[in-house]
Amino acid sequence: MEDAARAEDGVFAASEPTAPEPTASESAEPQSSGSEHHDKAVALLVGLRRTDDRFTLSRRDIRRLTPAVIAWFDNGASVTAVHHAMTANVPALVEHPAGFLAYRLRELLPPTLPPMPVVPERRGDPEAEASPSYPMVDCAGGCNRAFRQPEGTWCRDCRAERDRRTAEAEAVCGRAA
């Protein structure tokens, strides 16, 4: 009846849009699912808005994306790797940030890391098994180069030069005889 009176006067009250009442599951913070990576995944998703305002996500979006981020962590990815996968080379226009992130998390998911190989323990003196270390010597060929070598005092270049000269001398002596 009141609306009819307002309609007769030609004045209509602007109806204010009312937000739908959040359900109990939407109003609560994301629940911890018992996964060891759950809290880390939620913190990463919530913190994305620090990197880019376009990634300000709703609680619903965070709940929906959390399992995908946990899958990355379960496959051995670091927080930095997941953050990079979601935020690197973002196009200028992202109409649906949650959909964009879901796509990247799904399509760029790395494979599970193989288990670390078991390295057998060394027995005995570790220095005894190491390769021998030869003392530093100066080259006797006149180049003043220091090097390590098991025998001899000529470096590689001086030995090559000595061998070349010896071959030339033998060639000259062989022709002269």
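What follows draws every value from the coordinates through simple rules; no lab data is involved. Worth saying up front: this structure is predicted, and the values here are computed from it rather than measured. Using ideal geometry, Cβ is built from the backbone for each residue, glycine included, and neighbour counts are taken over all protein chains shown.
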Q: Along Cα→Cβ, 7 Å out, is where each label goes; now give me the distance between the ones at Ala43 and Thr112 in nm to one decimal.
A: 2.6 nm
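Quick one: length gained pulling Cys158 to Arg54 fully straight, 0.36 nm per residue minus the C-alpha distance?
30.8 nm
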(Q) Can you give me the distance in nm between label points at Ser35 and Ser78, each placed 7 Å from the Cα along the Cα-to-Cβ direction? (A) 2.1 nm
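If we count other beta carbons within 10 Å of each Cβ, what is the order of Thr80, Thr87, Thr51, fewest first?
Ascending Cβ contact count within 10 Å gives the list Thr80, Thr51, Thr87.
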Q. How far, in nm, would the chain grow between Arg165 and Ser133 when pulled straight, counting 0.36 nm per residue and subtracting the alpha carbon separation?
A. 8.4 nm
